[in-house]
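The values are calculated or read from the model by the stated rules, or taken from the named source; none is laboratory data. Here the structure is a predicted model, which means the values were calculated and not measured. Cβ: placed from backbone, ideal geometry, glycine included. Neighbour counts: every protein chain shown.
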Amino acid sequence: MSKNPISNSVIRRLPRYHRFLGELEANGYVRISSKELSEKMGLTASQIRQDFNCFGEFGQQGYGYNVSDLRAEIGKILGLDCNTPMILVGAGNLGTAIASHIDFRSKGFDLIGAFDKSREVVGKRIGDITVMSSDELERFCLEHNPKAAILCIPLGHAAETVEKLIALGIKGFWNFTHYDIRTNHSDISVENVHLGDSLVTLSYVINSKK
């Protein structure tokens, strides 16, 4: 892997490459050229080669890329084989939907615990996990050492919860709140998910074509 800083735009294209190569592999593709890949993905061949060259030489002149090998290499770059231990904080409707419908293992994580303050939620099952009281959060983290957290709690509780989780060893957040974690913690890894913003963007795209 390159020791030089990788741009955020390149990093954000890697999951798409991995997913697309998986689809090609499932459809029987053994090898593919950057030109063929560019035509299928709507990118330029030059962009694809530049992206891959950030991490090493994957293709062969006159052969192209071995689909299975390239997908495996991108998976390693993305850390999909790491099974990073992760917890869910906030097991309401959104948290439950996320925990129920995402294959965390295939995305590089192992969901090991879920927590909520509501008595109505504590004790319910989400897959193989039983939702625990938020009062158990500290004990659980000290015992199981999770490194990432899914944050699905009200904005008003986010700042306090984030501080507590960072103190307990959480290094990264999949953040579904509107709280800007990076403001006070620039060294923490954060992936913000604003569903409302995404929907508003769709609104713009649709209406800008009128």
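Assorted remarks:
- Scope region 39-69; condition part of a helix (DSSP H, G or I) and under 20 Å from N8 (Cα atoms); matching residues: M41, A45, S46, Q47, I48, R49, Q50, D51, F52, N53
- Single condition Y29 does not satisfy, out of (1) within 23 Å of L155 (Cα to Cα); (2) of a type in the set (S, T, Y); (3) in a loop (DSSP other than H, G, I, E, B): (1)
- Test result for V162, more than 25 Å from N192 (Cβ to Cβ), assigned by TED's automatic domain parsing to the domain that holds T96 and either in contact with a strand residue (DSSP E or B) (Cβ under 6 Å, 6 or more places away or on another chain) or not basic (K, R) (or both): no
- Every condition in (1) under 27 Å from T96 (Cα atoms); (2) part of a helix (DSSP H, G or I) holds for V205 except the one numbered (1).
- D81 being surrounded by fewer than 19 Cβ atoms within 10 Å (Cβ to Cβ) and at pLDDT below 95: yes
- Test: residue in region 90-110 that is crowded, with 21+ Cβ neighbours inside 10 Å and either in contact with a helix residue (DSSP H, G or I) (Cβ under 6 Å, 6 or more places away or on another chain) or acidic (D, E) (or both): no
- Looking across region 118-148 at every residue that is in contact with a Ser or Thr (Cβ under 7 Å, 6 or more places away or on another chain) and surrounded by fewer than 18 Cβ atoms within 10 Å (Cβ to Cβ), the one that is farthest from I87 (Cα to Cα) is identified as G123.
- A search for C-beta distances below 8 Å between a residue of region 11-36 that is assigned by TED's automatic domain parsing to the domain that holds N53 and any residue that is of a type in the set (A, V, I, L, M, F, W, C) and in a loop (DSSP other than H, G, I, E, B), counting only pairs 6+ apart in sequence or on different chains, returns R13/L43; L14/L78; P15/L78; H18/L78; H18/L80.
- Of everything listed in (1) outside any helix (DSSP H, G or I); (2) touching a helix residue (DSSP H, G or I) at 6+ places or on another chain (Cβ under 9 Å), the single unmet condition for C82 is (2).
- Some residue of region 156-163 being assigned to a loop (DSSP other than H, G, I, E, B) and either under 22 Å from S100 (Cβ atoms) or of a type in the set (G, A, S) (or both): no
Here is a yes/no grid of residues against (1) of a type in the set (D, E, K, R); (2) modelled with pLDDT of 95 or more; (3) more than 18 Å from the chain's Cα centre (by Cα):
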position: E160; (1), (2), (3): yes, yes, yes
position: E163; (1), (2), (3): yes, yes, yes
position: G169; (1), (2), (3): no, yes, yes
position: F173; (1), (2), (3): no, yes, no
position: N184; (1), (2), (3): no, no, yes
position: V190; (1), (2), (3): no, yes, no
position: L195; (1), (2), (3): no, no, no
position: V200; (1), (2), (3): no, yes, yes
position: K210; (1), (2), (3): yes, no, yes
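- Contacts under 6 angstrom Cβ, first residue in region 89-103 being assigned to a loop (DSSP other than H, G, I, E, B), partner among the charged types (D, E, K, R) and at pLDDT 95 or above, 6 or more apart: A91/D116
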